[in-house]
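First up is the structure itself, then whatever we jot down about it.
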Amino acid sequence: MRIAMIGTGYVGLVSGACIADFGHQVTCVDKDNAKISALNAGRIPIYEPSLHDIVQSNVHQQRLSFTSTLSYALTGADAVFIAVGTPSRRGDGHADLSYIYEATREIAAALTGPAVIVTKSTVPVGTGDEVERIISDLRPELEIAVVSNPEFLREGAAIHDFKHPDRIVIGTDDERAKKIMAEIYRPLCLNQAPILYTERRTAELIKYAANAFLATKITFINEIADLCEKVGADVQQVARGIGLDNRIGSKFLHAGPGFGGSCFPKDVRALIKTAQDHDVPLRILEAVAVVNDTRKRAMARKVSAVFAGVLRGKTVAVLGLTFKPNTDDMREAPSIPLIMALQDMGAKVRVYDPVGMDQAKQVLANVTYCRGPYDCVEEADAAVIVTEWEQFRALDFGRVKGLMACPVIIDLRNIYHPEDMKERGFAYACVGRSPPFQPVNHYVPSDRQQSLPTAEVSIPLA
């Protein structure tokens, strides 16, 4: 089949490459000429494991191409996917649909025959109705069907998720559109991926409800982590204890500094606004949004508490900047408000991320960008693990301790064990796990290290 993919951002590029890998003929189109030139030269504008290889393979086999000419992409297309951005609208939190509607108008002008229009972007309920109305008003003679086909891709695992989905949601009542969509995804039948056919509005809401539920699950375990610190419980064991219940499940029960990225924050806000527009306030999600936003900046208190609340003149090393590992995405990353809060407290900040440094430089100022984790911790009074990159899971702590001015580790992802860190001579704070209370000045500093301030090893959030 011939497929046109409008947009070469994260969703469009991953979807286009994977559909081409199924054996279909895919043309990705974008108005950004520089991006198209880069893609045609073999340069991928985002970091996603295996994406470069799958793009290059399908370009080589002439199943995947890139263009800035929409009419070329639409010629002979069996389906036209819209995969442009839907960021939060500045000022009110609603999803900004201007790119969706602009693409729709341009598609309407360029179509030469019947078409199935597929919204792959995350859009509020009713967006498909408006897409259909725009095309019908501009080109009433065209026979079209508008389908909602939301994506459920995790950054860092998007290729696997596309090819091994839990489900494929297709929102349409049009039988011809159903057949075309079934043919596009037919290669996934070998994986027995269930196809869920629904009404279009239902499909649109499924996407938002899924992301909102996962965001709620993360926020729930983060608040339980705060309680664990107060009562002396271990949040990881609590998470395991409830996650073994099949009604709950173990995923998204990892306590940390809060959720970020391109999806959860904006989708929670957009769903809240949609509900408010229909006079159905979603109080749980409103609380999720507030708690998560507050939590990111509050993580700085874990650092300042080690130094009796005084960070002025201290140097803090931040390991990990992206909102999660295996991506270069800095959108709404917890590291951003954390670093800003540290700076507001007077700390000097050194940072390192294996992949996200270039993106970080666009949003973080007045920080020292380092070449690696050991360069980052050199002469630091404290090191904060913000993103659980594999590179940070097996640090040489003998080397780390020798480089740091003060052996203090604040582990916001719980990738190390409190008792182990204590034995290695570190003052160690984590999230939702209370190691035996020991005064930080229990540790004997090396010749090149400062005396540690008097504080507890386990630093509660509040």
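The values are calculated or read from the model by the stated rules, or taken from the named source; none is laboratory data. It should be emphasised that the depicted structure is a prediction, and the values quoted were computed from it without experimental measurement. Heads up, the Cβs are rebuilt from the backbone with ideal geometry, glycines too, and the neighbour counts pull from every protein chain shown. To get the accessible areas, we keep the full protein, side chains included, count just its heavy atoms, and leave off ligands, DNA and RNA. Shrake-Rupley method; radii C 1.70, N 1.55, O 1.52, S 1.80 Å.
Annotations
- Test for V59: is it surrounded by 24 or more Cβ atoms within 10 Å (Cβ to Cβ) and either touching a residue at least 24 places away in the same chain (Cβ under 8 Å) or more than 22 Å from the chain's Cα centre (by Cα) (or both): no
- Qualifying residue in segment 130-145 (condition: under 30 Å from F323 (Cα atoms), aliphatic (A, V, I, L, M) and assigned to a loop (DSSP other than H, G, I, E, B)): no
- Pick from segment 232-247, criterion in contact with a Ser or Thr (Cβ under 8 Å, 6 or more places away or on another chain) and of a type in the set (A, V, I, L, M), ranking: most open to solvent (accessible area, probe 1.4 Å): L244
- Long-range neighbours under 8 Å by Cβ, at least six apart or interchain, first residue within 15 Å of A380 (Cβ to Cβ) within segment 391-406, second buried (at least 19 other Cβ atoms within 10 Å of the Cβ) and acidic (D, E): M404/D381; A405/D381; C406/D381
- The single residue among A333, A341, A308 that is under 24 Å from G9 (Cβ atoms), small (G, A, S) and outside any strand (DSSP E or B) turns out to be A333.
- Any hit, segment 200-216, residues being surrounded by fewer than 16 Cβ atoms within 10 Å (Cβ to Cβ), outside any loop (DSSP other than H, G, I, E, B) and in contact (Cβ under 8 Å) with a residue 12 or more places away in the chain: yes
- Boolean, L227 is aliphatic (A, V, I, L, M) and part of a loop (DSSP other than H, G, I, E, B): no
- For segment 383-407, a tally of residues being more than 23 Å from the chain's Cα centre (by Cα) and farther than 15 Å from S335 by Cβ returns 14.
- Search result, residues across segment 344-385 that are in contact (Cβ under 8 Å) with a residue 40 or more places away in the chain and assigned to a strand (DSSP E or B): A382, A383, V384, I385
- Filtered residues of segment 166-199 (kept if surrounded by 15 or more Cβ atoms within 10 Å (Cβ to Cβ) and part of a helix (DSSP H, G or I)): A177, K178, I180, M181, I184, P187, L188
Residue-wise test of (1) within 26 Å of A157 (Cβ to Cβ); (2) part of a helix (DSSP H, G or I).
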{"residue": "L13", "(1), (2)": "yes, yes"}
{"residue": "C18", "(1), (2)": "yes, yes"}
{"residue": "G23", "(1), (2)": "yes, no"}
{"residue": "K31", "(1), (2)": "no, no"}
{"residue": "A34", "(1), (2)": "no, yes"}
{"residue": "I46", "(1), (2)": "yes, no"}
{"residue": "P49", "(1), (2)": "yes, no"}
{"residue": "V55", "(1), (2)": "yes, yes"}
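- Unique residue being among the hydrophobic types (A, V, I, L, M, F, W, C), more than 25 Å from the chain's Cα centre (by Cα) and surrounded by 15 or more Cβ atoms within 10 Å (Cβ to Cβ) when the list is L74, L97, L39, L13: L74
- Residue pairs whose Cβ atoms lie under 8 Å apart, sitting 6 or more positions apart in sequence or on different chains, and linking a residue in segment 15-39 that is acidic (D, E) to a partner that is part of a helix (DSSP H, G or I), are D21/I54; D21/S57; D21/N58; D21/K163; D30/G12; D30/I36.
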